[in-house]
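The values are calculated or read from the model by the stated rules, or taken from the named source; none is laboratory data. All values derive from a computational prediction rather than experimental measurement. For neighbour counting, all protein chains shown are included, and Cβ atoms are generated from backbone atoms with ideal geometry for every residue, glycine included. Please note that ligands, DNA and RNA were not included when accessible areas were found on the heavy atoms of the full protein model with its side chains. Shrake-Rupley method; radii C 1.70, N 1.55, O 1.52, S 1.80 Å.
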Amino acid sequence: MSYHWRNLLGMESAVRELRGSFAENRLNHAYLLVGAAGAGKDTLARTLAARFLCHSPADNDACGQCVSCQMFAENNHPDFLALPRDTRYLTVAQFVERDSPAENIPPVLTMVNLKPALGHGRVVVIADAERLRDEAANAFLKTLEEPPPESLLILTAAAPKLLPNTVVSRCRRVLVTPLPPPVISAELARRAPAAPAEARALAAELSGGSLGEALRLATGEAFADWQKLQTLWREFTPAAAARWAEEIIGGFTKEMDGDAKRKFLADWLNMGALQIRQNLRRGQLSGWAASVGLTALWTAGERLNANVRPELVALTAALNCFAALKEQLKITN
Ligand SMILES: [Zn+2]
């Protein structure tokens, strides 16, 4: 895959800024790309890296032809390192050479201090930089402040608030903004034509402007869960809220780790909120009950992000919805 600015969807302002930096020769040495999960931060990081490493850029874009572009497209560039994103935290050993270096992957500081194999600089991408804890961050603050010449550090984060200030302050921030719903819908129709139209519409609505999220929702279990939810909440009874919690907790399988459960529950919470808004629009729910329900779901989402056990979050959310629905019954009867 070759990386060009034109392939980036809906990132006009980020592209304008980064591409313009090349034109004006004022590229920063460290960037923090901020945007929701699935918003395309990694592709943006790689497009920036490809351009930075390209030997004969044209119009401030990677040429796609030179040896650097070719090796980059094959994911085989000797001067490019992307830290794997499969661990919960980044360790000091990933930044500084230790007695037993990780197999095959050089530490970041070793990488940026090497002479570029192809002679045009080095790039390190640290995706989901929220995984940096103080110890690992401190190990590379100096490098982040003043990297060796010809090196570029690119961090990405969905929640920059969780990053140490010392890291954020040393990077130039670039926002990757959410895609507008019509763009998401059009892309879904193109990339997931097999998904039912209703599933695509749901995914576009729940994606928060992230194409990656939209694709995951349109092609995964979410649509089946949405249909279940519609059946469950067809009648607004307190019992429906209880069954909802049962359905969620019953959906937690042994194979799911904490993160998978959180993701699964987050989908249910988002769908619950969408369902409440739809029922409010249809006049099936009072504004008061809707606001209590939405607040319950929103609070549940916050607790989920704060690492409260997903089972407990689901139960509390259901209990709070239950209370809202009971009040609703009192008002309507
Ligand atoms: Zn090139």
(message) Under the 0.36 nm per residue contour assumption, what length would be gained going from the current alpha-carbon distance of residue 173 and residue 17 to full extension?
(response) 55.1 nm
(message) If you filter region 217-307 for trypsin sites (Lys or Arg not before Pro), then keep DSSP loop positions with at most 16 other Cβ within 10 Å, what is left?
(response) 234, 254, 282
(message) As a test of the formula, what do you get for the chain when each DSSP H run with n ≥ 4 contributes -39,500 (n - 2.57) and the sum is divided by the residue count, at 222 nm and rounded to the nearest 500 deg cm²/dmol?
(response) -16500 deg cm²/dmol
(request) Between residue 105 and residue 9, with labels modelled 7 Å along Cα→Cβ, what's the label distance in nm to one decimal, could you check? (result) 2.8
(message) At 7 Å along Cα-to-Cβ for each site, give me the label-to-label distance between residue 319 and residue 252 in nm.
(response) 1.5
(message) Rounded to the nearest 5, what % of DSSP beta bridges with both residues in region 5-175 are antiparallel?
(response) 5
(message) Solvent-accessible area of residue 226, probe 1.4 Å, all protein chains present, reported in Å² to the nearest ten, please.
(response) 20
(request) Find the centroid of the Cα atoms in region 118-194 and in region 39-58, then give the distance between the two in whole Å. (result) 13
(request) Can you run the Rg to Rh ratio on the chain? Use alpha carbon positions and the Kirkwood inverse-distance Rh. (result) 1.04
(request) Only bridges with both residues in the chain count here: give the DSSP antiparallel percent, nearest 5. (result) 5
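Assuming 0.36 nm per residue, please report the length gained on full extension of the stretch residue 190 to residue 26 beyond their Cα-Cα distance.
Result for the pair: 55.3 nm of gain on full extension.
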(request) Report, in degrees rounded to the nearest 10, the 0 to 90 angle that the Cα long axis of helix 181-191 makes with the longest principal axis of the chain. (result) 80
(message) Can you give me the angle between helix 197-206 and the longest principal axis of the chain, using Cα atoms only, in degrees from 0 to 90, rounded to the nearest 10?
(response) 70
